[in-house]
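**Q** Provided herewith is a single structure, encoded as structure tokens, for subsequent inquiry.
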Amino acid sequence: RFYGIIIDDKGKILLREPANHYHNIRWEFYGGTPEEGETPQDTVIRETAEETGYTTRPMGKIGIIENDGKTYHYYLLKRLSRQRNWKNFGTKKEETWDTIFVSRSDAEYLLGQNPDDEYKKALIGIMDKAYELWRIRNRETE
């Protein structure tokens, strides 16, 4: 499973609210499983567009989360477009109810709303690593 994290130029991070709070998740990042022939980066780009409406480009690998017997690979993403409707927007097949750019502290609060303690700690940990990589990438482009 391959997931992305978008942090904008002002340091705000994008979270998504899964439709119907799938698996009891309140807020999380965006991603999924590869389709046949896809690279991890292709998967993250496609899944992020489908679940958030943003076109992106990977900026580097953040790290890995192990949770509930599954491995999740995370990539820092650069937003390339304005938001469009995500896949199945407004239909019963919709995977995302909402997306929101928030400050790091607000993101920690929202991710903390997830009832699974292990998962929320893992999400907050990967978010911290995303900010570390984001700061390095921003220094490189100054």
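**Q** On the given criteria, is Thr48 β-branched (Val, Ile, Thr), in contact (Cβ under 8 Å) with a residue 40 or more places away in the chain and not in a strand (DSSP E or B)?
**A** Numbers: β-branched (Val, Ile, Thr): yes; in contact (Cβ under 8 Å) with a residue 40 or more places away in the chain: yes; not in a strand (DSSP E or B): yes.
Answer is yes for this residue.
**Q** I'm trying to understand the selection: among the residues of region 106-139, which are over 18 Å from Ile6 (Cβ atoms), open to solvent by less than 70 Å² (accessible area, probe 1.4 Å) and in a helix (DSSP H, G or I)?
**A** Tyr119, Lys120, Ala122, listed by residue number.
**Q** Could you grab me the full set of residues in region 56-78 that are touching a residue at least 60 places away in the same chain (Cβ under 8 Å) and under 17 Å from Lys121 (Cβ atoms)?
**A** Within region 56-78, Ile62, Gly63, Ile65, Lys70, Thr71, Tyr72, Tyr74 meet the criteria.
**Q** Would a scan of region 77-86 turn up a residue that is part of a loop (DSSP other than H, G, I, E, B), open to solvent by less than 30 Å² (accessible area, probe 1.4 Å) and either at positive phi or touching a Lys or Arg at 6+ places or on another chain (Cβ under 8 Å) (or both)?
**A** no
**Q** Report yes if some residue within region 94-102 is of a type in the set (Ser, Thr, Tyr), under 26 Å from Glu132 (Cβ atoms) and over 11 Å from the mean Cα position of the chain (by Cα); otherwise report no.
**A** Within region 94-102, not a single residue is of a type in the set (Ser, Thr, Tyr), under 26 Å from Glu132 (Cβ atoms) and over 11 Å from the mean Cα position of the chain (by Cα).
**Q** Inside region 91-142, can you point out the residues that are closer than 12 Å to Gly11 by Cα, among the hydroxyl-bearing types (Ser, Thr, Tyr) and in contact (Cβ under 8 Å) with a residue 12 or more places away in the chain?
**A** Scanning region 91-142 gives Ser103, Tyr131.
The values are calculated or read from the model by the stated rules, or taken from the named source; none is laboratory data. Quick caveat: nothing in here was measured; it's all calculated off a predicted structure. Note: ideal-geometry Cβ built from the backbone for every residue, glycine included; neighbour counts use all protein chains shown. Side chains are part of the model used for accessible areas, which takes the heavy atoms of the whole protein and leaves out ligands, DNA and RNA. Shrake-Rupley method; radii C 1.70, N 1.55, O 1.52, S 1.80 Å.
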